[in-house]
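Since the structure comes first, as structure tokens, the remarks are kept for the end.
The values are calculated or read from the model by the stated rules, or taken from the named source; none is laboratory data. Just so it is clear, the model here is predicted, and its values are computed rather than measured. Here the Cβ positions follow ideal geometry from the backbone for every residue, glycine too, while neighbour counts run over all protein chains shown.
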Amino acid sequence: MSNSAESRPAAPPAFNIMVKPVGPTCNLACAYCYYLSKQQLYEDRRFRMSDELLETFTRQYIEAQKVPEVVFGWQGGEPTLIGLDFFRLAVKLQQRYGRPGVRILNALQTNGTTLDDAWCDFFREHGFLIGLSLDGPEELHNAFRVDKSHRATFDRVMKGAALLKEHDVDFNILTTVHAANADHPVEVYRFLRDEVEAPFIQFIPIVERDNQTGFQEGSKVTARSVGGRQYGDFLIGVFDEWLRRDVGRVFVQVFDMALTASLGERPGLCVFDETCGAALILEHNGDVYACDHFVEPRWLLGNIRDAPLVDLVGSEKQWRFGQDKRDTLPRICRECPVRFICNGGCPKNRVLRAPDGEPGLNYLCEGYQAFFTHITRPMRLMTEELRAGRPPAGVIGLLAAEDAELQRRFARARRNQPCPCDSGRKFKNCHGRPSSRPGTHRQA
Ligand code: SF4
Ligand code: SF4
């Protein structure tokens, strides 16, 4: 607990607020969705941001940022349900309140099922970056992503993806990793890479508390959630496929973030930053909450109709929320060799006790340890490439040459000699076994 209120800045110079123009309202009913239950927080069920509130927010948000780039993030529910005119007004207000030298960007997360030519023309014209939710090939996607009549949504989402491509809209894919798709990393990744042609992919683990409130309380998780180790194995499966051919061609958020951390820089993703608190959420009625995952009464900061946004973001409550991410880390994390990348992960997932009984260990810890350990050497090779002024994709050639050399050594090895892969086992019990030869290589 090294920090005191005196060291608290008035407000961070830059922060992100995701805006929910229709609150938690959505046209779908994905089984793991944590938004739908938030409807219970509001007695007034007219989930629609007014034009006047949009103007108040736009003005306050731009004024509060002390950086040359301001990103408006639009989130749901399904934000397109509010209609195109709302976003036409949003862009107009951004132009009205924008300052010279400040670049304004828009990013919108959608389930893709409402998109048409008019939406895509608009996105293209105004340079919106679209995040499309897609959980993999048909059967894996449809396992949980269904509409209110429990009908599959895959075909409708793929139609949305085709429209985005046809209209040359910038898009990335957000794939949640859960009990249904987690054992199929390569299938999911190849589908996104080859069929969807996604240039940028985010994998988000589903860790869903099993309770009636929909809040972050209780330590049980639902059967839909991904397993801790299972998540690590999923990332390892994707990483090994990506590493051999796609570095520099396909961007996977968690790999980028790990490379940044390996270079000694801040990852820039709240989940893996040492502290958080600069990624807030604005509800349709002006309520501001500490984080998208903590839309619950104890983390309500206030309403921008009553208090300036900058005061809410710079409040003691919000500052403490962000500092607690570091200050409540259990000892096992503080002494962990991969802490420099992991930082204990997102507090919303810290439901386990460490082996010594201390609370606050991340549900995904076993997977994080496995994954971040697995990628240590290739990340080191990529950082060496970068430091030598070369693109990290050079790692593909380096590993291919290593593989070829290893195959030559396998071909020369005798049954009772140590295996050339350095496993410490005899060749006959390792890569000398008939089933293990083709395509095997030293662990990346
Ligand atoms: S609680 Fe988790 S998702 Fe929210 S800001 Fe912190 S790290 Fe990010
Ligand atoms: S890998 Fe586990 S022990 Fe290490 S920092 Fe992450 S959550 Fe903590």
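Tell me which residues, restricted to the stretch 212-257, are of a type in the set (D, E, K, R) and touching a Gly at 6+ places or on another chain (Cβ under 6 Å). Within the stretch 212-257, 229 is the sole residue that qualifies.
For the criterion of being modelled with pLDDT of 95 or more and aliphatic (A, V, I, L, M), residue 406 fails.
Condition check for residue 305 on (1) assigned to a loop (DSSP other than H, G, I, E, B); (2) within 23 Å of residue 262 (Cα to Cα): one failure, at (2). For residue 136, the requirement of being at positive phi, at pLDDT 95 or above and small (Gly, Ala, Ser) is met. Taken over the stretch 319-350, the criterion of being within 10 Å of ligand 1 (Cβ to nearest atom), assigned to a helix (DSSP H, G or I) and not aromatic (Phe, Trp, Tyr) is satisfied by 322, 324, 325, 347, 348, 349. For the structure I just gave you, tell me whether residue 164 is under 21 Å from residue 81 (Cβ atoms) and within 17 Å of the chain's Cα centre (by Cα). Here the answer is no, as residue 164 does not meet what is asked. For the stretch 96-119, a residue qualifies if it is within 24 Å of the chain's Cα centre (by Cα) and crowded, with 18+ Cβ neighbours inside 10 Å, and the qualifying residues are 104, 106, 108, 109, 110, 111, 112, 113, 115. Looking at this structure, is residue 421 at pLDDT 95 or above and touching a helix residue (DSSP H, G or I) at 6+ places or on another chain (Cβ under 7 Å)? No, not satisfied.
Any residue at all in the stretch 206-222 that is of a type outside the set (A, V, I, L, M, F, W, C), buried (at least 18 other Cβ atoms within 10 Å of the Cβ), free of Cβ contacts under 8 Å to residues at least 60 places away in the same chain and part of a loop (DSSP other than H, G, I, E, B)? No, there is no match, as no residue in the stretch 206-222 is of a type outside the set (A, V, I, L, M, F, W, C), buried (at least 18 other Cβ atoms within 10 Å of the Cβ), free of Cβ contacts under 8 Å to residues at least 60 places away in the same chain and part of a loop (DSSP other than H, G, I, E, B). For the stretch 63-91, which positions are under 19 Å from the mean Cα position of the chain (by Cα) and either without any contact (Cβ under 8 Å) to a residue 24 or more places away in the chain or in a strand (DSSP E or B) (or both)? The answer is 71, 72, 73, 74. Anything in the stretch 239-276 that is under 15 Å from the mean Cα position of the chain (by Cα) and hydrophobic (A, V, I, L, M, F, W, C)? List them, or say none. Answer for the stretch 239-276, where residues must be under 15 Å from the mean Cα position of the chain (by Cα) and hydrophobic (A, V, I, L, M, F, W, C): 251, 252, 254, 255, 257, 258, 269, 270, 271, 272, 276. Restricting 294, 371, 321 to those that are within 20 Å of the chain's Cα centre (by Cα) and either within 16 Å of ligand 2 (Cβ to nearest atom) or surrounded by fewer than 17 Cβ atoms within 10 Å (Cβ to Cβ) (or both) reduces the list to 371. Taken together, the criteria place residue 99 among residues that are more than 16 Å from residue 22 (Cβ to Cβ), modelled with pLDDT under 95 and of a type in the set (D, E, K, R).
Selection of the stretch 408-428 for residues being touching a Cys at 6+ places or on another chain (Cβ under 8 Å) and either surrounded by fewer than 19 Cβ atoms within 10 Å (Cβ to Cβ) or not aromatic (Phe, Trp, Tyr) (or both) yields 413, 419, 421, 423, 425, 426. Among the residues making up the stretch 333-344, a single one is surrounded by fewer than 22 Cβ atoms within 10 Å (Cβ to Cβ) and either more than 9 Å from ligand 2 (Cβ to nearest atom) or in contact (Cβ under 8 Å) with a residue 60 or more places away in the chain (or both): 340.
For the stretch 246-273, a tally of residues being in contact (Cβ under 8 Å) with a residue 12 or more places away in the chain and surrounded by fewer than 16 Cβ atoms within 10 Å (Cβ to Cβ) returns 3. Determine, yes or no, whether residue 273 is within 16 Å of ligand 2 (Cβ to nearest atom) and charged (D, E, K, R). The answer is yes for residue 273. Among the residues making up the stretch 132-156, those that are in contact with a strand residue (DSSP E or B) (Cβ under 6 Å, 6 or more places away or on another chain), buried (at least 20 other Cβ atoms within 10 Å of the Cβ) and outside any loop (DSSP other than H, G, I, E, B) are 132, 133.
Taken together, the residues in the stretch 260-283 that are in a loop (DSSP other than H, G, I, E, B) and near ligand 1 (Cβ under 9 Å from one of its atoms) amount to 6.
Filtered by the rule that a residue be of a type in the set (Gly, Ala, Ser) and either away from ligand 1 (no atom under 16 Å from the Cβ) or modelled with pLDDT under 95 (or both), the stretch 284-302 gives 286, 302. Restricting 381, 406 to residues that are within 19 Å of residue 255 (Cβ to Cβ), more than 16 Å from ligand 2 (Cβ to nearest atom) and outside any loop (DSSP other than H, G, I, E, B) narrows the list to 381. Do the conditions hold for residue 326, that is, is it more than 9 Å from ligand 2 (Cβ to nearest atom), under 22 Å from residue 258 (Cβ atoms), at pLDDT 95 or above and surrounded by 17 or more Cβ atoms within 10 Å (Cβ to Cβ)? So residue 326 fits the description; yes.
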